[in-house]
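What follows is a set of notes on a single structure, which appears directly below.
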Amino acid sequence: MPNAARVAAILVLAWACRPAETPAGGQTETQPSGQAAVTDNESVKTIARIAAESPDHSTLVTALQAVSYVDVLANPGPFTVFAPVNAAFDKLPPGTVETLLKSENAAQLRTVLLHHVTTSAYAAEDLRDGMDVGMVDGGPVRITREGETLVVGGAKVIASVRASNGWVHVVDGVLVPPAK
């Protein structure tokens, strides 16, 4: 390849790989990448896509983005995610979410998020009263049934959605990991 062609190819490659410009206000937008960026309107949605498209889970999605877990929940799994709605995060003491979202608290946020995920696909009918489910953070979550109501770690399951890579059980509370 002649030198001029090499230089042109390098310049094109360098331009294509440049960092995204920072919009006014100094914050960069986080766009889905990897598996989370795949769009497919015909297949069953992944857990990541279900959460991202739910207006009731914007706080959860923001937390997942803060620690780069969106792509993980777009992978094949199987996973079961107990997904708190925005109102569940609102029940936490004032400032908790904002504190967890700070970069210096990423390890703590990861632990909280991993306490909402198990590496098995549990449909609601698979979750039996008195069952302890091992979560990805290593802690257990107790399942109880109060009549027809399914409760996970003290949070009520208000909906269940089948995903291509597992289950999303929408919960009305944030599951707090046990102190270590």
Expressed as a percent, the portion of alpha-carbon pairs in the stretch 89-180 spaced more than 20 Å apart is 38
Near the amide H of A159, under 5 Å away, which other amide H atoms are found, from residues 5 or more places off or on another chain, if H is placed in the peptide plane?
-> V170
In whole angstrom, and with the biggest value first, how far do the Cα coordinates of the stretch 38-124 range along each principal axis?
-> 40, 27, 23
Peptides ranked, highest mean first, by Cβ atoms within 10 Å: ranges 105-111, 70-76 = 70-76, 105-111
Using the count of nearby Cβ atoms within 10 Å as a rough guide to exposure, how do T149, T62, T46 rank from fewest to most?
-> T149, T62, T46
Net length gained if the chain between V44 and T99 were fully extended (0.36 nm per residue, minus Cα distance) = 16.3 nm
For the stretch 133-174 the translational diffusion coefficient, Stokes-Einstein from a Kirkwood Rh over Cα pairs at 10 °C and viscosity 1.306 mPa s, in µm²/s, is roughly 142
Phi-derived 3J(HN,Hα) across the stretch 113-123 with the Karplus relation (6.51, -1.76, 1.60, θ = phi - 60°), rounded Hz, x for Gly and Pro, is 5, 5, 7, 10, 10, 10, 9, 9, 9, 9, 6
Order by neighbour count: I143, I47, fewest other Cβ atoms within 10 Å first, most last.
-> I143, I47
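Read the figures in this text as sums done on the coordinates, not as results from a lab. Computed from a prediction, not measured in an experiment: that's the story for all the values here. Don't worry about glycine lacking a Cβ; one is built from the backbone with ideal geometry, like all the others, and counts go over all protein chains shown.
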